[in-house]
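This report refers to the structure that appears directly beneath it.
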Amino acid sequence: MAITSVRLEGTERLEVTIRNELPVALTDLTLSLLAVGHQFETFVESELPSDVPVASELLVKEVRTGSIVFELVAQSLPVIPLLWQGGPLLEWANYAKDTVMWLLGKLDKPPRNVTKNDLKQWHSILEPVAKDHGSQLNFTVSDGGTVINHFFVNSLEANAAQSRITREIGALEEPNNAIYKKRVMTWYQAKFDNSSQTGNKAVIESISPRPLRVVFDNNAVKNEMFEQGVEFSKPWHQLAYIVDVQVQTISGQPRVATILGFYPEETFDPSE
């Protein structure tokens, strides 16, 4: 069974062929082809200047009987030949090949910044072949019938690449810690319970405009902070504090602030 996809108007042609041993699940096939289309769109739009108008969507031109054959075409991209002499399909195929080589450990770094969404889409592209031992995924770019780029991924390599994808996604989701000194913190939400470590949120605008969950490094710091209201006409949760914090991020977004210490003499009323 051969699954052929992606054709640009003109003489350029990209064939994506799955040579399978077992029937391909419809869901896997659909997600794989969608992911190819999304990756092509993302590549074209990210590689061109933001002020260059492009239409990079791939469209279904024909579905033929016999083998499962999908023939897709790209919308007209008149500006691209001026920027890419080899054409967008060849450029994308070069990027795709280097991405797969990186996933297989044959390149030290990906050809461009790879996002979590990119990784998920590549997992989908490889899924039909990874599930079928002995199958193979072929990418072939031709111009006027002459092959100008060809590479393939077999089932063993697809599984290895998917394992790398899982590790890379896990690394993106692992919390990263950073310590910030003497930052202004105001309470957004507090449980008014110095025995609790949950339900407390604060805003540290120099780190994030969004409230962060707050935990304390130790009870001594927490108890001393809660006693600050005695020195002011306002309760402790309405005061502003200068703190040292360790911030944990997930996928680059600050999520949790651990109060390591604070400077009692610098506590102040934010309304004054």
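Just a few scattered comments:
- Single unsatisfied condition, VAL221 versus (1) touching a helix residue (DSSP H, G or I) at 6+ places or on another chain (Cβ under 9 Å); (2) open to solvent by less than 60 Å² (accessible area, probe 1.4 Å): (1)
- Number of positions in the range 206-216 that are under 15 Å from ALA178 (Cβ atoms) and in contact (Cβ under 8 Å) with a residue 40 or more places away in the chain: 3
- Taking the criterion of being in contact with a helix residue (DSSP H, G or I) (Cβ under 6 Å, 6 or more places away or on another chain) and surrounded by fewer than 17 Cβ atoms within 10 Å (Cβ to Cβ), the residues of the range 227-249 that qualify are GLY229, PRO235.
- Matching residues in the range 152-181 - criterion: being over 16 Å from the mean Cα position of the chain (by Cα) and among the charged types (D, E, K, R): GLU157, LYS181
- Restricting the first member to the range 240-254 and to residues that are of a type outside the set (A, V, I, L, M), and the second to residues that are surrounded by fewer than 17 Cβ atoms within 10 Å (Cβ to Cβ) and outside any strand (DSSP E or B), the beta-carbon pairs closer than 7 Å and six or more apart or on different chains are GLN248/PRO175; THR249/PRO175; SER251/LYS116; SER251/LEU172; SER251/GLU173.
Each row is one residue, and each column tells you yes or no for (1) open to solvent by 90 Å² or more (accessible area, probe 1.4 Å); (2) at pLDDT below 80; (3) not acidic (Asp, Glu).
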site	(1), (2), (3)
LEU8	no, yes, yes
GLU12	no, yes, no
ASN20	no, no, yes
ALA25	no, no, yes
LEU29	no, no, yes
VAL36	no, no, yes
LEU48	no, yes, yes
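- Candidates VAL79, VAL147, VAL184, filtered to the one that is open to solvent by 40 Å² or more (accessible area, probe 1.4 Å), at pLDDT 95 or above and over 25 Å from the mean Cα position of the chain (by Cα): VAL184
- Single residue of PHE216, PHE232 found to be within 12 Å of PRO264 (Cβ to Cβ) and of a type outside the set (D, E, K, R): PHE232
The values are calculated or read from the model by the stated rules, or taken from the named source; none is laboratory data. It should be emphasised that the depicted structure is a prediction, and the values quoted were computed from it without experimental measurement. Glycine gets a Cβ as well: all are built from the backbone with ideal geometry, and neighbour counts include every protein chain shown. Ligands, DNA and RNA are excluded from the accessible area calculation, which covers all protein heavy atoms including side chains. Shrake-Rupley method; radii C 1.70, N 1.55, O 1.52, S 1.80 Å.
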